[in-house]
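For reference, the structure is listed below as structure tokens.
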Amino acid sequence: MPKKPDQPPIAILLNAVLAVVDAEEPKSLCVKRADGLGLPYGPFDPAGHRTFELGLRSWVSEQTQVALGYVEQLYTFGDKGREAPAAVIAGGDARARVVSVGYLALASEPAKVTVGNAQWRSWYDFFPWEDWRRGEPAILKEIVLPALSAWVARAETDVLRSDRRRRMTLAFGLGETGWEEERALERYETMYEAGLVEEAWRDRAAAGLAEPRTARATTEATGLPMTSDHRRILATAIGRLRGKLKYRPVVFELMPADFTLLALQKTVEAIVGFELHKQNFRRSIENGGLVVKSGAMAQQQSGRPAALFRVSPSIRADGAASGLAIPRLKTGPAPQ
């Protein structure tokens, strides 16, 4: 079908969420640019990139000097109105519709960063309400939930008020199901719509819309903002990885060749954002045949040396085995 004369061009971006767990913190590689902190990204070049993935690897290497290992496609983001440097990406045409193809990459350790504008940042710098490892985050009870309740109450109609209440209840675990770690994107998008994150103010101003009715100061406590919709892409990756741990053995892409069961547990806890029941977790790992003893021991800072394990030879991260049982130690649903 021929292109309509007034039809804007489409620009395809390739975005990478590179995830590691470092010192018990889940981190992603970010790049500091003139328009803020964001994920590594660049435009797809049909002439120069044989595939999207090769294009992605090229951009990440160029911007951060980090080579990607395990990579899988995450999601395609194409909503109209996404803030992005479209004029630069699409050869100067500011009307361009920007479509981003997001990828999730995993590594066993953070690569050394040799480029000044690249840095590893904790997920919880951007999403402080997602980390329950030390109990319910204070930001939920003190800031997020009261602000969302006010947003619900401000709805102009009963139907809209009911819809907002339903979304808030489901996303933040206020009903019978409780907090579900995979709903990271739903929580962020609900907060975005309610004006609780800086990106909501930025995007509304760029579109010439009225400011959100939430207090601007609230956004100072709700995590670091990111360029374009990169915080939304990161939230998507967090939810995807949290869910995938339960049905694919991808966690071992985040582990060194040899590891203790405690290190494996701490890695899973960092990703899902809550503590696990130690005995039940170890029992599920050993009974599931996911690991084997390496024969070596790791010296602990205190106590007896701990046995080192490695991934069972029968396990492959491509889906040949099931994922992990994730027994919570503390369920702690968000307050109603």
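Any read-out appearing in this document is the output of simple, stated calculations on the displayed coordinates, not a laboratory observation. What you see is a predicted model; the values in this text were computed from it and never measured. Note: ideal-geometry Cβ built from the backbone for every residue, glycine included; neighbour counts use all protein chains shown.
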Next item on the list: Ratio to report: Rg/Rh of the range 1-61, with Cα atoms as the point set and Rh obtained by the Kirkwood method; give two decimals.
Entry: 1.14
Notebook entry, point to check: Looking at the chain, what % of its DSSP beta bridges pair antiparallel, to the nearest 5?
Noted result: 70 percent
Note to self: From the phi angles alone, apply the Karplus equation (6.51, -1.76, 1.60; θ = phi - 60°) to the range 202-218 and give each ³J(HN,Hα) in whole Hz, x where the residue is Gly or Pro.
What the structure shows: 4, 5, 5, 5, 5, 8, x, 9, 5, 5, x, 8, 7, 4, 4, 4, 4
Next item on the list: Pull up all non-local amide H partners of L13: gap of 5 or more, or a different chain, and H-to-H distance under 5 Å with H placed in the peptide plane.
Entry: F44, V99, S100, V101
Checklist line | Dmax and Rg, reported as Rg then Dmax, of the chain (C-alpha, Å) | finding: 21.5, 74
Notebook entry, point to check: Which net charge results for the neighbourhood of L39, defined as the other residues with beta-carbon distances under 13 angstrom from its beta-carbon, given Lys and Arg at +1 and Asp and Glu at -1?
Noted result: +4
Next item on the list: Compute the relative contact order of the range 10-123 as a whole-number percentage, counting only Cα pairs closer than 8 Å that sit 6 or more residues apart in sequence.
Entry: 41 percent
Note to self: Whole-Hz ³J(HN,Hα) for each residue in the range 109-126, computed from phi via Karplus 6.51 cos²θ - 1.76 cosθ + 1.60 with θ = phi - 60°, x for glycine and proline: what do you get?
What the structure shows: 7, x, 5, 5, 9, 10, 9, x, 8, 9, 7, 8, 10, 5, 3, 7, 5, 9
Notebook entry, point to check: Dividing the convex hull volume of the alpha carbon atoms of the range 248-311 by its residue count, what do you get in Å³ per residue?
Noted result: 98 Å³
Check: Classify the range 10-123: rounded, prolate or oblate, from the alpha-carbon gyration tensor (a ≥ b ≥ c, eigenvalue square roots; a/c under 1.5 rounded; otherwise prolate if a/b is larger than b/c)?
Finding: prolate
Next item on the list: Specify the residue with the greatest mean-square fluctuation among S294, S100, S122, computed from a Gaussian network of the chain linking alpha-carbon atoms under 10 Å apart.
Entry: S294
Note to self: For the range 168-320, take every pair of Cα atoms, bin their distances at 10 Å starting from 0, and report each bin as a whole percent.
What the structure shows: 9, 29, 26, 19, 12, 4, 0
Checklist line | Surrounding net charge for T51, when Lys and Arg each add one and Asp and Glu each subtract one, Cβ distance under 14 Å | finding: -1
Item checked: Scattering profile of the range 128-222 at q = 0.10, 0.18 Å⁻¹ [log10 I(q)/I(0), Debye over alpha-carbon scatterers] -> -0.26, -0.84
Item checked: Table column - 3J(HN,Hα) (Hz), the range 55-60, Karplus curve with 6.51, -1.76, 1.60, x for Gly and Pro -> x, 4, 4, 5, 5, 4
Item checked: Charge sum, other residues only, whose C-beta stays under 15 Å from R216's C-beta, Lys/Arg counted +1 and Asp/Glu -1 -> -2
Checklist line | Separation of alpha-carbon centers, the range 96-160 and the range 29-58, rounded to whole Å | finding: 21 Å
Notebook entry, point to check: What's the longest piece of the chain with no exposed trypsin sites (Lys or Arg not before Pro), counting a site as exposed if DSSP puts it in a loop and it has at most 11 other beta carbons within 10 Å?
Noted result: 214-336
Next item on the list: Quote the relative contact order of the range 248-311 in percent (integer), defining contacts as alpha-carbon pairs under 8 Å separated by 6+ residues.
Entry: 36 percent
Check: Rounded to the nearest 20 Debye, what is the dipole magnitude of the range 155-243 about its Cα centre when Lys and Arg each give +1 and Asp and Glu each give -1 at the C-beta?
Finding: 20 debye
Note to self: Could you work out the relative contact order of the chain? I mean the mean sequence separation of Cα pairs under 8 Å and 6+ apart, divided by the number of residues, in percent.
What the structure shows: 19 percent
